């Protein structure tokens, strides 16, 4: 097996991680997910949580966000390539498409002779509700 190949066996513990991700809103750290599983009575080790998340990320089944100065955060994602707007205050996340970014990334890669290019992008700011002190939905 090559270093680039990650195989995630379907075990009861890994199924519990997948189910939790399907139930959760927003992004969560591996440690947060582990704590929730423990609170639910699931016997899943933290290492298993990390390995499962890595396998799901490698398979494109979950989004991974790398906030400045923080640990990686994970959530179930929609299909297709997308980017995120993330509120620094409440963590609210909105999936957005960026056709201009895709075109730019392709041009830059071509210009420098790169192939098989991928990228991620998170835009951090403050959502309207946090900026104005409103509660969501009001």
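Listed values, structure above:
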{"item": "Computed P(r) (all Cα pairs; the chain; 10 Å bins; percent)", "result": "10, 33, 33, 18, 5, 0"}
{"item": "Value at 222 nm in deg cm²/dmol, rounded to 500, when DSSP H runs of n ≥ 4 in the chain each add -39,500 (n - 2.57)", "result": "-11500 deg cm²/dmol"}
{"item": "Taking the C-alpha atoms of segment 80-138, convex hull volume expressed per residue in Å³", "result": "97"}
{"item": "DSSP bridge orientation in the chain - percent antiparallel, rounded to nearest 5", "result": "70"}
{"item": "Along principal axes, Cα extents of segment 1-77, largest first, whole Å", "result": "36, 32, 19"}
{"item": "Relative contact order of the chain, pairs being alpha-carbon contacts under 8 Å that are 6 or more residues apart, as %", "result": "20"}
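Coordinate-derived values only; no laboratory data. Bear in mind that the values here come from a model prediction, so they are computed numbers and not experimental data.
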